[in-house]
Structures are given as structure tokens and as C-alpha cells.
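Down below is the structure, laid out as C-alpha cells.
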Ligand code: SF4
Ligand code: SF4
């Protein structure tokens with residue numbers, strides 16, 4: 001691919017508002033969109049304060065689920081012709097909003113209710129929820145395969161990258177699990193410890209006993225969410241933000257990280273080059289032939305609804321929707337106990353720790 005010189009000031013490309021002259025505040029013609037014109041203008045204007053988010057929520061609370069989902073989809077699918085393809089200008093206004101979070105919550109509830117397969121997954125989890133943590137460790141497929149016998153050699157901790165930065169030891173976790181003391185396991189599930197693991201997998205191939213602390217920790221995280229213990233710790237509570245960040249990307253854009261997500265303010269360690277890249281990310285994407293919010297095959301693309309549908313079915317079959325619901329439920333309950341709105345809670349857990 002030949003790289004051509006790029007005029008950052010004058011070049012036209014999707015996402016470059018001044019250059020492209022996109023009428024992003026325009027109220028679209030589609031009947032659904034027209035009906036909700038005021039809300040849409042608000043959505044596009046807002047880097048919303050908590051009060052404004054309340055207005056969002058109040059507006060949405062009066063709408064039935066189908067209308068909320070239909071409005072989101074109509075906005076998502078609105079497109080304009082761009083060179084030989086289409087550009088979807090509203091995706092950038094939708095990602096990460098209270099609107100998207102509310103829409104996802106309601107849409108996923110409908111998916112769960114309407115699927116026999118989901119009901120089977122849910123039944124297993126619901127039964128597991130009522131049993132002891134020791135029962136889970138002995139029966140959950142991942143934990144069962146993650147430990148045979150641990151001899152506490154510490155090889156896993158010695159090579160664990162997370163152990164370098166946190167007060168964290170996979171050896172200690174394996175010891176607690178192996179001892180099968182219910183109270184100690186519950187304490188572990190309520191702590192930040194299980195969330196410090198990066199899930200890099202380095203510990204698994206090095207264990208002389210063929211154990212997998214990596215797998216065990218992933219299983220313990222599920223158990224913590226099912227029992228609702230995760231909200232007792234800072235990192236655990238942050239699962240609510242994660243469920244809507246990565247979960248929102250997976251559910252709506254079929255990728256874990258949407259290219260507009262990693263803002264430099266949250267990644268100061270990436271340095272000034274990253275900040276410069278981020279500022280000009282739309283140009284960069286165009287230069288390498290990717291397609292920010294356009295039809296296409298590289299990162300940042302608009303995902304075809306049929307593809308999204310297939311991918312969603314995979315998460316559903318794996319029990320992800322059940323776990324997301326537990327996280328959502330626990331967050332809503334804790335927000336209520338704290339006397340704050342769900343969006344304030346979202347801000348709180350994101351900035352904690
Ligand atoms: S899990 Fe494996 S590597 Fe880690 S302490 Fe136990 S036996 Fe050693
Ligand atoms: S998977 Fe987790 S516990 Fe294992 S080495 Fe990586 S960070 Fe450490």
C-alpha cells in the first residue's frame with residue numbers, strides 16, 4: 001500500500017466534521033427519528049452531566065422496550081454515501097452513552113426471555129447460585145479442569161506479571177481453593193484479589209502439576225458475580241463499567257474495543273505519540289485503508305446486523321447474558337442503597353481505585 005501525504009487541515013473524510021461538512025445536528029427524515037428529534041439533538045450535543053443523564057433516563061423510561069431498541073437501530077443505521085461506500089455518522093454519538101446502556105439492558109432481557117437455549121443456561125446457573133462455593137469449585141467445568149493438586153511451589157506467582165504490580169499471588173488463590181474452606185473462599189470472592197489477574201495465561205503452561213490458576217480465577221470471577229459478592233470490592237464493582245464498555249462493544253459493534261474508546265486521559269502511560277495518534281485517529285484509519293464507522297472489513301467498521309445477530313447468539317449460548325444480568329442487577333441494587341442514580345453509580349465505579 002502506498003502512503004500519500006495527508007493534509008490534516010483540509011482533507012475530507014468521515015468523522016472529520018469541519019472538513020466533511022457533515023450536518024451532524026440535523027434531525028433525520030426517518031419517521032422514528034423525526035418523532036424523537038429533540039432527544040436526538042440532545043444526544044448529539046451531550047457530553048452529559050449527571051443531571052442531563054437523568055433527563056435521558058426519564059425520557060427513555062416512558063418508552064416501551066421495542067421503541068427504545070427501534071430508535072437506537074434507526075440512529076445506528078442512518079447512513080450517508082461516502083466515496084464508494086457508506087458512512088454511519090451516528091455510531092460515534094451512541095457508543096458509551098446512558099442511552100446505549102439502557103437499550104442494551106432491555107434488549108438483552110428480551111433475548112433471554114425469548115430463547116429456550118438461554119433458559120437452559122440460566123437454569124444451571126440459578127441452581128449453582130443456591131449451592132455452596134465449594135460445590136461450584138467441584139462442579140463448574142472450568143474450575144474442575146483447573147486444579148488437580150497444588151503443591152504450593154509458587155512457580156505460577158514467580159512468573160505472574162500481575163504479582164509484580166499488586167499484592168497478588170495465584171499460588172495463594174490455589175491454596176485457598178484447594179483447602180475448600182467455604183468462609184475463606186467467600187472472603188476471596190468479595191476481595192479485589194481475583195480481579196488483579198490479567199488473564200494472560202502465562203501461569204498455566206508452567207505449572208508442574210498441570211493446574212491452571214488462570215482458569216480457576218476466571219471461574220471464581222463468574223462465581224463472585226453470580227453470588228453478587230463482586231460489588232463488595234472496588235475492582236469487582238468496576239465490572240458494571242466493564243460490562244457496558246467491552247460488553248457494549250461486543251453487543252453493538254462485535255469487537256472488544258471500539259477505536260474511539262482508548263482516550264489518552266485514561267492511558268497516560270501510552271505517551272504523547274498516542275495522544276497525537278488519537279487526535280488524528282480518523283485520518284490514520286483512512287490512511288491504512290480501514291474504515292471508521294463505514295461498511296467494510298477492517299477495524300472500526302460498521303458491522304452488518306446479520307453478523308451481529310450471529311455473534312450475539314454465541315455469547316448467549318455461553319451464558320454471558322446471564323452474567324451481565326447479575327452484574328446489572330447488583331449495580332442497580334447498590335446504586336439504590338447508596339441513594340444515587342445508575343449513571344452516577346457508573347461514573348463512581350469508573351473513577352474508583
Ligand atoms: S498452581 Fe501449580 S505452579 Fe502454582 S503453586 Fe500450585 S503447583 Fe505450583
Ligand atoms: S493468568 Fe493471571 S494469574 Fe496467571 S500469570 Fe497471568 S496474570 Fe498471573
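The values are calculated or read from the model by the stated rules, or taken from the named source; none is laboratory data. Everything numeric in this text was worked out from a predicted model, so none of it was measured. Cβ placement follows ideal geometry from the backbone for every residue including glycine, while neighbour counts extend to all protein chains displayed.
Out of 260, 268, one residue alone is away from ligand 1 (no atom under 16 Å from the Cβ) and either in contact (Cβ under 8 Å) with a residue 60 or more places away in the chain or buried (at least 20 other Cβ atoms within 10 Å of the Cβ) (or both). It is 260.
Taken over the range 149-174, the criterion of being surrounded by 18 or more Cβ atoms within 10 Å (Cβ to Cβ), within 9 Å of ligand 2 (Cβ to nearest atom) and either modelled with pLDDT under 95 or farther than 9 Å from residue 203 by Cβ (or both) is satisfied by 162, 163, 168, 169, 173. The residues of the range 49-72 that are over 12 Å from residue 106 (Cβ atoms), in contact with a helix residue (DSSP H, G or I) (Cβ under 8 Å, 6 or more places away or on another chain) and at pLDDT 85 or above amount to a single one, 59. When residue 193 is tested against (1) within 25 Å of the chain's Cα centre (by Cα); (2) away from ligand 2 (no atom under 16 Å from the Cβ), just one condition goes unmet, and that condition is (2).
Per the listing 81, 38, the residue uniquely assigned to a helix (DSSP H, G or I), assigned by TED's automatic domain parsing to the domain that holds residue 343, free of Cβ contacts under 8 Å to residues at least 12 places away in the same chain and out of contact with any helix residue (DSSP H, G or I) (no Cβ under 8 Å at 6 or more places or on another chain) is 38. For residue 201, the requirement of being within 10 Å of ligand 1 (Cβ to nearest atom) and surrounded by fewer than 20 Cβ atoms within 10 Å (Cβ to Cβ) is not met. Candidates in the range 206-235 are the residues that are within 19 Å of the chain's Cα centre (by Cα) and more than 16 Å from ligand 2 (Cβ to nearest atom); of these, the one that is farthest from residue 184 (Cα to Cα) is 234.
Against the test of being in contact with a strand residue (DSSP E or B) (Cβ under 6 Å, 6 or more places away or on another chain) and surrounded by fewer than 16 Cβ atoms within 10 Å (Cβ to Cβ), the options 80, 141 yield a single qualifying residue, 80.
One line per residue, one yes/no per condition, for (1) farther than 30 Å from residue 337 by Cβ; (2) in the same structural domain as residue 324 (by TED's automatic domain parsing); (3) part of a helix (DSSP H, G or I); (4) out of contact with any strand residue (DSSP E or B) (no Cβ under 9 Å at 6 or more places or on another chain):
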{"site": "164", "(1), (2), (3), (4)": "yes, no, yes, yes"}
{"site": "172", "(1), (2), (3), (4)": "yes, no, yes, yes"}
{"site": "191", "(1), (2), (3), (4)": "no, no, no, yes"}
{"site": "204", "(1), (2), (3), (4)": "yes, no, yes, yes"}
{"site": "217", "(1), (2), (3), (4)": "no, no, yes, yes"}
{"site": "226", "(1), (2), (3), (4)": "no, no, yes, yes"}
{"site": "245", "(1), (2), (3), (4)": "no, yes, yes, yes"}
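The single condition among (1) in contact (Cβ under 8 Å) with a residue 24 or more places away in the chain; (2) part of a helix (DSSP H, G or I); (3) more than 8 Å from ligand 1 (Cβ to nearest atom) that residue 146 does not meet is (2).
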